[in-house]
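Chemist: Pasting in a structure now, in structure tokens, and then I'll have a few things to ask.
A short reminder: the numbers here are calculations on the coordinates, not readings from a lab. None of these values were measured; they are calculated from a predicted model. FYI the Cβ positions are ideal-geometry reconstructions off the backbone, even for glycines, and counts take in every protein chain you see.
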Amino acid sequence: MNTSPTSLAAESAGAQPPLLSVRDFALEFRTRSGTVRALQNINLDLHKGEIVGLVGESGSGKSVLSYAMLGISDRAAKVTQGSVHFGGMDLLRADESTLADLRGREISMIFQSPRTALNPIRAVGHQIEDVLRRHAAARGPNLSESLKQRAISALREVAIADPERRVNAYPFELSGGMCQRVMIALALACRPSLLVADEPTTGLDVTTQAAVMDLLTGLARERNMATLFITHDLGLAADYCDRIIVMHAGHAVESASTRALFKHPRHPYTARLITSTPTDTMRLEELAPVPGWLPDLRRTDLPACRFSERCDRAQAKCHTEAPTLDAQVDHAVACWYPNS
Ligand SMILES: Nc1ncnc2c1ncn2[C@@H]1O[C@H](COP(=O)(O)OP(=O)(O)OP(=O)(O)O)[C@@H](O)[C@H]1O
Ligand SMILES: [Mg+2]
């Protein structure tokens, strides 16, 4: 596991106001089988040029958080508290047309499973042209170029060989790795300042995964783009992110530079997560899974710290008083009894 050096952009990021800022955010799903308290007490900042990993077990709320921040939510979802600001704009109060304009132009998303996210009956070049047309005012390097030429350039930028020919290809004619490159081309076509990538390499073999991650993070650095990279793979986040935010059962429990998080995890959950992640030099017997399971988020008696029932350090206070994470602190932890 290689803890990548923090980029210059990210190092100086602290001095500037964050590009994206989430405060005291809470969201629930009202379903027939009960209210799912999916997110609570979420505080996070994302600065220009930073690559931030959002990690946590399956069901910890990574996807719900990233979609909800951008105003994409299931009808059953209800934001019960908090604010989300992007470049100073309050996204939770923005109308749908403002949000639609922002999405794809200033903020872009890469969804899991590229084949289902791409339109199967439209040539990939046309799909890129659609995005460019929708955001006609978008900043592009060569606005005088024809849309087709710009689609070809977009494919070239994501290292698709023979883009003049591939621009006419349908998704089924491309490999999984190539479809993922097309998704990246689509997401970056309008040069967004924020990219949210949800498990962008799931389903790809290890070599293709590394190639796609190299490409994505390379372009992010080149364009000084803020990137929220969602993954349940802590090892992958370690290899590519400047900073990591750890989620557990709908709470953000720790946020730190990648180096600090691995060297000195403060939250007992993070420490467990690290020892449950295989590394090149580790023996199989050394792997220790995180004990227990995520609590059922429909419970009405959820403990204040949702990790407390899995934690060997928990005391009475952990069940009754919720620790919160201060997004403005370099190494922040939401725990009453963290590693000092
Ligand atoms: N539409 C919905 N209705 C009810 N509950 C939902 C809905 N969508 C998500 N949830 C619940 O919200 C919680 C967080 O889900 P989410 O999909 O964000 O997890 P995740 O961290 O992205 O997991 P994974 O790593 O598997 O993608 C889960 O308990 C999930 O069951
Ligand atoms: Mg998810």
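Chemist: For the chain, which cysteines have no disulfide-compatible partner, meaning no other cysteine Cβ under 4.7 Å?
Modeler: Flagged as lacking a Cys partner: C179, C190, C241, C311, C335.
Chemist: Return the distance in nm (one decimal) between the two label points of a simple spin-label model at A94 and Y170, each offset 7 Å from Cα along Cα→Cβ.
Modeler: 3.5 nm
Chemist: Describe numerically, in nm with one decimal, the distance between label points set 7 Å from Cα along Cα→Cβ at S276 and at Q112.
Modeler: 1.6 nm
Chemist: Which of the trypsin sites (Lys or Arg not before Pro) found in region 148-252 are in a DSSP loop and have at most 16 neighbouring Cβ atoms, other than their own, within 10 Å?
Modeler: Loop-located and lightly packed - R223.
Chemist: Moving to a separate point now. Roughly how big is the chain's charge dipole about its Cα centre, with Cβ charges of +1 (Lys, Arg) and -1 (Asp, Glu), in debye to the nearest 20?
Modeler: Dipole about the Cα centre, nearest 20: 600 debye.
Chemist: Taking loop as defined by DSSP and a crowding limit of 15 other beta carbons within 10 Å, which trypsin sites (Lys or Arg not before Pro) in region 10-73 fit?
Modeler: Here the trypsin sites (Lys or Arg not before Pro) that fit, given the DSSP loop and packing criteria, are R32.
Chemist: Give the residue from T207, T227, C241 lying farthest towards the positive end of the charge dipole for region 134-246; charges sit on Cβ (+1 for Lys and Arg, -1 for Asp and Glu) and the dipole is referred to the Cα centre.
Modeler: T227
Chemist: Once the Cβ-Cβ distance between R298 and S73 is put in as r, and R0 is 25 Å, what FRET efficiency do you end up with, to the nearest 0.05?
Modeler: 0.90
Chemist: Follow-up question, since we're still on this one. Among T35, T231, T270, rank each residue by its count of other Cβ atoms within 10 Å, from fewest to most, as a rough exposure measure.
Modeler: Sorted ascending by nearby Cβ count, the order is T35, T231, T270.
Chemist: Which pairs break 31 Å Cα to Cα here: K78/K148; K62/K263; K78/K263; K48/K263?
Modeler: In this structure, K78/K148; K78/K263 lie more than 31 Å apart at Cα.
Chemist: Counting only DSSP beta bridges with both residues in the chain, what percent are antiparallel, rounded to the nearest 5?
Modeler: 60 percent
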